1. Report the full-extension gain for the segment K106 to R23: residue separation times 0.36 nm, less the Cα-Cα distance, to one decimal in nm.
2. Can you classify the range 44-176 as rounded, prolate or oblate using the Cα gyration tensor, where a ≥ b ≥ c are the square roots of its eigenvalues, rounded means a/c under 1.5, and otherwise it's prolate if a/b beats b/c and oblate if not?
3. Largest first and to the nearest Å, give the Cα extent of the chain along each principal axis.
4. Express the relative contact order of the range 1-54 as a whole percentage, based on alpha carbon pairs under 8 Å and six or more residues apart in sequence.
5. Under the rule a/c < 1.5 gives rounded, and otherwise a/b versus b/c splits prolate from oblate, where does the range 129-169 land using the Cα gyration tensor?
6. Taking Rh as the Kirkwood radius computed over C-alpha pairs, what is the Stokes-Einstein D of the range 164-215 at 20 °C in a medium of viscosity 1.002 mPa s, expressed in µm² per second?
7. Considering only the chain, what is the antiparallel percent among its DSSP beta bridges, to the nearest 5?
8. Relative contact order for the chain: what is it in percent, counting Cα pairs under 8 Å that are at least 6 residues apart?
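Just so you know, all these numbers are worked out from the coordinates, no wet-lab data involved. Please read all numbers here as calculations on a predicted model, not as lab measurements. Note that we place each Cβ from the backbone using ideal geometry, even for glycine, and neighbour counts take in every protein chain shown.
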Amino acid sequence: MNLLIVEDNRDIAENIADYLEPRGHQLDFAMDGRQGLALALSGDFDAIVLDLTLPKMDGIELCKNLRAHHGMTPVIMLTARDQLDDKLLGFEVGADDYLVKPFSVKELEARLLALLKRLNPSEQLNAMQVADLSFNLQTLEVSRGGQALDLNPIQTTLLQCLMQHSPNVVKRAQLEQRVWGDHPPDKDILRTHIYSLRAIIDKPFDTHLLHTVHGVGYRLVALGGE
């Protein structure tokens, strides 16, 4: 999942990151409501984890503004408040679920996955598609134009990350974090793996999908004319 965490408590934010990032989820963070709203409206997130009590703009106002701008991204609210009226107000402004602090990060992940399954067609959760390139999230099988492609584990991880963010650019550091965690190897190693991935998914085909954004990272998109 590609998640936005809007939480001003650094300990809670770090706890969420420590559990979810090693499990393959991509996280962006905002420490106040205004920053959270800006990211929510400009980013492409699968879901938003939103604290109710935030500086500059609280979670209720943020969620209300998000929905007013036709933002349909699923929202789970986090709060120390456990009164029924608080929960009802959260649902009234557009929250999809509610989790009271202190909470289990494992339960948060389970609620996020259940929320996405409920709000999205099952096939969208099980497969990704960019042009004629397909990735089955259940079997990890990759094909292009109906032709099966054989990827090693690192190539599979890189492709999954690029497809999840397509057509956006994925920064080099983000790809390194996804594959090697907090101990990335020399940068040339990433370039080598990208080269081998490109040789499999692009070289045999007329249209190239994997593009280098020099000095930034890579993106997976059908631009045409190449």
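1. 28.8 nm
2. prolate
3. Rounded to whole Å, the extents work out to 59, 36, 30 Å.
4. 55 percent
5. Since a/c reaches 1.5 but b/c is at least a/b, the shape of the range 129-169 is classed as oblate.
6. Once the numbers are plugged in, D ends up at 177 µm²/s.
7. 50 percent
8. That works out to 13 percent.
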